[in-house]
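Note sheet for the following structure.
What follows is calculated from the coordinates using simple rules that are stated; it is not laboratory data. This structure is a prediction, so every number in the text was calculated from the model and none was measured. Neighbour counts run over all protein chains shown; Cβ positions are idealised from the backbone, glycine included.
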Amino acid sequence: MSEPLDAWLAALDARHRAGLAPREFLKAARALSVRYVQRRATLPRRSVLDSAGKRAAFAAFYAVQHVLTAREAVRALGANAPAPSRIVDLGCGTGACAAGWALACETRPRLYGVDASPWALAEAQWNWSRLGLGGRVARADLVAAAERLARPSRNAARTDGIVLGWSVNELDASARDRLLAALLRSAASGAALLLIEPIGRAAAPWWDDWADAIARAGGRADRWTFDVRLPAAFDRTRRDAGFGRHPLTARTLYVAGGQIARRERGVSGAAPLRLS
Ligand SMILES: C[S@@+](CC[C@H](N)C(=O)[O-])C[C@H]1O[C@@H](n2cnc3c(N)ncnc32)[C@H](O)[C@@H]1O
């Protein structure tokens, strides 16, 4: 691990694991997995973050998995060169995907996070600050934020990167349709677009339609297994929980951005974005 990542992991464990017995943490990590996989249909109606244990597992286990997976996916896709100057993370939760993208870059993009959960947004802000990343969060509906970003005269041209990790699946079908249309408009005006979801096909029946639309927009669909050294506490939890042999698997949809063309047109990334 690198130094900011090591320091962040230590601080994260002190913040979220210290108050729980390892057995309780493990139970919460398993319970979250059940909510996201077997009882996925209840996600739009009921928050998964309804207990201290689940919040701890979300913040100190799944966030680690998502930061590492996003960082590796960005590297594999070459989404870090050139580095975006801004990354908007829609359904950012604890800010994991924007952080992973930023950590893969030589320079440090400015991060913007949108989520419905105030608790998650506070964690995102804390994580980014601990990782030495600058960013700002807003409590808003992610679909409305995507539509705002896609307005031609405003944000889209100033947004280099948009990421959605493990969040599209929480939306109902009509919200997903609106979201896809908005994301494609942003991609058409030059934003790089990265979507990350787990591999299981049953978990995201909409995937193939989205992959077709992304391909028509010049993008690509991939499945990944990343073999990287894992943080010790994360690795112990996933083994004890029986979460399978490869912890960092994911599938992605990606459209490369038009950063260079936009810079050549002299579009600046300095003005603040409006997301809510
Ligand atoms: C499974 S979590 C993933 C969080 C984060 N992207 C990550 O990779 O760790 C899904 C997140 O989407 C958020 N979310 C779901 N529907 C939303 C909506 N309509 N508007 C804003 N946030 C939403 C939830 O609050 C939650 O934080």
Original post:
Which value at 222 nm does the chain reach when only helices count, each DSSP H run of 4 or more adding -39,500 (n - 2.57), with the total divided by all residues and rounded to the nearest 500 deg cm²/dmol?
Top reply: -13000 deg cm²/dmol
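Calculate how many DSSP beta bridges within the chain are antiparallel, expressed in % of all such bridges and rounded to the nearest 5.
Values: 11 of 29 bridges.
Within the chain, antiparallel bridges account for around 40 percent of the total.
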Subject >> Listed peptides 47-57, 69-79, 208-218 by packing density, highest first (mean Cβ within 10 Å) >> reply: 69-79, 47-57, 208-218
Original post:
Given R₀ = 41 Å, FRET efficiency for Ala52-Ala173 by Cβ-Cβ distance, to 0.05?
Top reply: 0.80
Original post:
Over the Cα atoms of the range 56-182, what is the Rg over Rh ratio if Rh follows Kirkwood?
Top reply: 0.94
**OP:** Report, to the nearest 10°, how far helix 22-36 tilts away from the longest principal axis of the Cα atoms in the chain, using its own Cα long axis and a range of 0 to 90°.
**Re:** 40 degrees
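What is the dipole size for the chain, taken about its Cα centre, with +1 at each Lys and Arg Cβ and -1 at each Asp and Glu Cβ, in debye to the nearest 20? Walk me through the numbers before you get to the answer.
Numbers: 41 positive and 25 negative charges, 66 e Å.
Here the chain has a charge dipole of around 320 debye.
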Original post:
By how many degrees, between 0 and 90 and to the nearest 10, does the Cα long axis of helix 173-188 differ from the longest principal axis of the chain?
Top reply: 50 degrees
Subject >> Calculated on alpha-carbon atoms, Rg and Dmax of the range 174-226 in Å >> reply: 11.5, 33
Original post:
Which value, to two decimals, describes the C-alpha radius of gyration of the chain once divided by 2.2 N^0.38 Å?
Top reply: 0.94
Original post:
Could you give the alpha-carbon Rg of the range 51-98 over 2.2 N^0.38 Å, rounded to two decimals?
Top reply: 1.31
**OP:** Using only Cα atoms, find the angle between the long axis of helix 207-216 and the longest principal axis of the chain, and express it within 0 to 90 degrees, rounded to the nearest 10.
**Re:** 30 degrees
Subject >> Cut-off 18 Å, label 7 Å out along Cα→Cβ of Ala81, residues of the range 94-133 by amide N >> reply: 101-109
